[in-house]
1. Can you tell me which residue in the stretch 72-126 is modelled with the highest pLDDT, limited to those that are of a type in the set (D, E, K, R) and part of a helix (DSSP H, G or I)?
2. Limited to the stretch 268-294, what total is found for residues that are crowded, with 20+ Cβ neighbours inside 10 Å and touching a Gly at 6+ places or on another chain (Cβ under 6 Å)?
3. Can you name the number of the only condition in (1) in contact (Cβ under 8 Å) with a residue 60 or more places away in the chain; (2) within 13 Å of G78 (Cβ to Cβ) that L252 fails?
4. Give the residue, chosen from A260, A275, A281, that is at pLDDT 80 or above and either outside any helix (DSSP H, G or I) or out of contact with any helix residue (DSSP H, G or I) (no Cβ under 7 Å at 6 or more places or on another chain) (or both).
5. Within 22 Å of I104 (Cα to Cα) and hydroxyl-bearing (S, T, Y): does that describe T296?
6. Could you go through the stretch 299-315 and let me know if any residue there is outside any strand (DSSP E or B) and farther than 22 Å from T214 by Cα.
7. What number of residues within the stretch 295-319 are loosely packed, with under 15 Cβ neighbours inside 10 Å and in contact with a strand residue (DSSP E or B) (Cβ under 7 Å, 6 or more places away or on another chain)?
Amino acid sequence: MIPEFLAHPLIFNPLVILASLVLLYLSADYLVDGISNYAKKLGLSDAIIGTVVVAMAASAPEIISSVSGFISGSESVGYGAILGANMVHVGFALGLVAVLGRRIELEPSLFTKERATIWAALMLPFILALDGQLSRPDGAILIIAFVIYLLNLWRLEGTFGKLKKNVPLKSIWKDAFVFLGCLAALLLAGKYLVFSSVQIANYYSIPAYFVALTVIGIGTTIPDIAVELRSITKKHASIGLGDLLGSLIIELLLFFGIMAVISPITVPLTQTANALIFLAASITLVMFWMKRKELTWKHGIAFMSMYFLFLATEIWLSF
């Protein structure tokens, strides 16, 4: 029996959101640590671990929240969660990493020489969504682009890392059980995070899209921000930067690709145009500055300023 004062929607729903975010963070953290350890045993490089392995695990909270929004019929929450999270990635999180790292040298092959290819791939969903829909063929194109990206990374891995063969993976069944448990926790937390956010939005007559863009978008990127900050303190900046880059590619190419193939997605351009423009501009700015082969605290301030300008325009448009 819930005490009467806790049953009030303005107390109960924020508590559910907080509990869901904590559960998302802890579950994703277990996934990140577990998968990263296995990847290192296999001899994968820091850059590949960041852009593929850690990014896939750390992207789980925002992907789960977005999927929960689409499935529950709250499409605005689905769009808001994924767009908000990606703006945090490319604006606030990357800016914070650059500011704290002061001066971060970029691995030449992945972060500099491949930037044009990566930029072109990341622009695909924006171009395909110009007609207001991501169709099944559009989804297939995004998935193919993601596969090409993975194959290119695998080719580059011959330069970065030395893959090991016949690596004994102990306790694999136990780890598989923990993995499934973490995945179940992520799904549960994502469901209640979306539900409670919509309840608060309805109570205050705040657009659910705005709540998803800010509260869910920021909250679900906590695992990513933790990974990036940890990578800076442990002198493995490539993992942190790779996680940011990988999260963008996984969410914009693989996630939207799979969702569109399953069921064509209608893109409400009037609602999402501001976020789409800021996200495309931020990605372009990041890729342009990567040609310098380093990111400094000045770049970090510019990225964070872009994010706060984005928030200001969304507040102005929503109220």
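1. Of the stretch 72-126, the ones of a type in the set (D, E, K, R) are 75, 102-103, 105, 107, 113-115.
In the following step, the residues that additionally are part of a helix (DSSP H, G or I) were identified as 75, 113, 115.
Details: E75: 69, K113: 65, R115: 74.
Result: R115.
2. Matching residues across the stretch 268-294 total 1.
3. Result: L252 passes all but (2).
4. Numbers: A260 fails: either outside any helix (DSSP H, G or I) or out of contact with any helix residue (DSSP H, G or I) (no Cβ under 7 Å at 6 or more places or on another chain) (or both); A275 fails: either outside any helix (DSSP H, G or I) or out of contact with any helix residue (DSSP H, G or I) (no Cβ under 7 Å at 6 or more places or on another chain) (or both).
None of the other options fit; the residue is A281.
5. Working: within 22 Å of I104 (Cα to Cα): yes; hydroxyl-bearing (S, T, Y): yes.
Here the answer is yes, as T296 does meet what is asked.
6. Kept after step one, since they are outside any strand (DSSP E or B), are these residues of the stretch 299-315: 299-315.
Filter once more, keeping what is farther than 22 Å from T214 by Cα: 299.
Scanning the stretch 299-315 turns up at least one residue that is outside any strand (DSSP E or B) and farther than 22 Å from T214 by Cα.
7. Residues flagged as loosely packed, with under 15 Cβ neighbours inside 10 Å and in contact with a strand residue (DSSP E or B) (Cβ under 7 Å, 6 or more places away or on another chain) within the stretch 295-319 amount to 0.
The values are calculated or read from the model by the stated rules, or taken from the named source; none is laboratory data. Just so it is clear, the model here is predicted, and its values are computed rather than measured. Note that we place each Cβ from the backbone using ideal geometry, even for glycine, and neighbour counts take in every protein chain shown.
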